[in-house]
Every structure is written in structure tokens, then in C-alpha cells.
Amino acid sequence: KALVLGTTGLNDKQLKKVEDVSRIVPIVFSPNMSVGVNVLFKTLPEIAKRLGSDYGVEIVEAHHKGKKDLPSGTAKKFSQILGEATNKVVPTHSIRLGDIVGDHTVIFCGNSERIEIKHQAHSRDVFAQGALRAAKWIFGKPPGLYSMQDVLK
């Protein structure tokens, strides 16, 4: 038995339950199952550190009009990891329009230049593909709480 969990918005009690269950079964837990987004989770902090304190950073995320969480769990994770890398609060701007599956843009801005790194999910299939990759990876692993970073090593 194993579990791949891509849910966001869990409260502290629910997160504790995930941790408790991970002592019994292996769990891959990520706010986003997209391989591309998870590569960005790994690489964006390094970019922020290399750019240094002369660069500001903000996040713009857009999803379909029916998405309830604001900002998205993915945007919160980007903000968290970039905040840890820069020792600054990283603002997030949210848009809810139409049928957008998921767009996340991280904007670094310094004097006379701007870097925009954008991930666009064109179909929800991308999340299923990442979840399947995680499911194949976790098969046979010992109990524990794993992330997509473990899957992508």
C-alpha cells in the first residue's frame, strides 16, 4: 500500500494525520503533481539567491473561475520557498477567470532588467502524469513522507 497526495488547503490537524499515516505507509505529498512545477520548486530558490537582494520577486497565478483557494497551493509553495531563499515576503497576485487550468509566473525584477519564469498547465493531464510517475516511484518504498523532489532525483 502507498499513497500519492496532491491536495492543498489542509489544516494543521489534517497535516498531522498525513504525517501519522506516513509512519505506516509511504506517501508522496506535493501541492502540485506537475513535473515542470516541481522542477521549478527546486530551481527557483537558486535563481533567487544568485540574483541577490537587488532583485525583487513576485508571483502571479491564474486559474479557472471556479477555483476556490486563493492563492493556489502552488503559489503559496513558490512564495514560501522564494521567501526562504531571499529572507523576504514574496507577494502573490491571483486571477480567477474563464477556464484557465493553471498559470504561474515568477517575476524577478532588478534595475534595467526583468526575468519572468512561467509555467502553464494546458490540461489537467499534466497532474495525472506526475501522479502516475510518483505512484510508480513509491511502489515498494518503506513508510515515510516523501515529496516530488524525492521522485525526481
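Calculated FRET efficiency, Lys118 to Lys13, Cβ-Cβ distance, R0 = 22 Å: about 0.05 to the nearest 0.05.
Based on C-alpha pairs under 8 angstrom that are at least 6 apart in sequence, the chain has a relative contact order of 34 percent.
Restricting to segment 3-151, what percent of DSSP beta bridges are antiparallel, rounded to 5?
Restricted to segment 3-151, the bridges split so that about 60 percent are antiparallel.
Between the Cα long axis of helix 125-138 and the first principal axis of the chain there is an angle of about 50°, rounded to the nearest 10. Hey, what angle do you get for helix 73-86 against the long axis of the chain, alpha-carbon based, 0 to 90 degrees rounded to 10? Once rounded, one gets 60 degrees. Extent of segment 80-153 along its three principal axes (Cα atoms, max minus min coordinate, largest first): 50, 34, 19 Å.
Mind checking which of Leu40, Leu51, Leu82 has the largest fluctuation in a GNM of the chain, springs on alpha carbons under 10 Å? Answer for the Gaussian network model of the chain: Leu51.
Translational diffusion coefficient of the chain (Stokes-Einstein, Kirkwood radius from Cα pairs, 10 °C, 1.306 mPa s): 97 µm²/s. Per-residue ellipticity at 222 nm computed for the chain from its helices equals -12000 deg cm²/dmol, with DSSP H segments shorter than 4 residues left out and the rest contributing -39,500 (n - 2.57). Here Lys141 is the anchor, and the lysines within straight C-alpha reach of less than 28 Å, apart from those fewer than 8 places off in the same chain, are Lys1, Lys13, Lys16, Lys17, Lys42, Lys77, Lys153.
Taking Ser30, Ser72, Ser123 in turn, the Gaussian network model of the chain (Cα-Cα springs below 10 Å) assigns the largest fluctuation to Ser123. The trypsin sites (Lys or Arg not before Pro) of segment 29-84 that DSSP puts in a loop, and whose beta carbon has at most 10 other beta carbons within 10 Å, are Lys65, Lys68.
Coordinate-derived values only; no laboratory data. Not measured: the values here are computed from a predicted model. Reconstructed Cβ throughout: ideal geometry from the backbone, glycine too, with neighbour counts over all protein chains shown.
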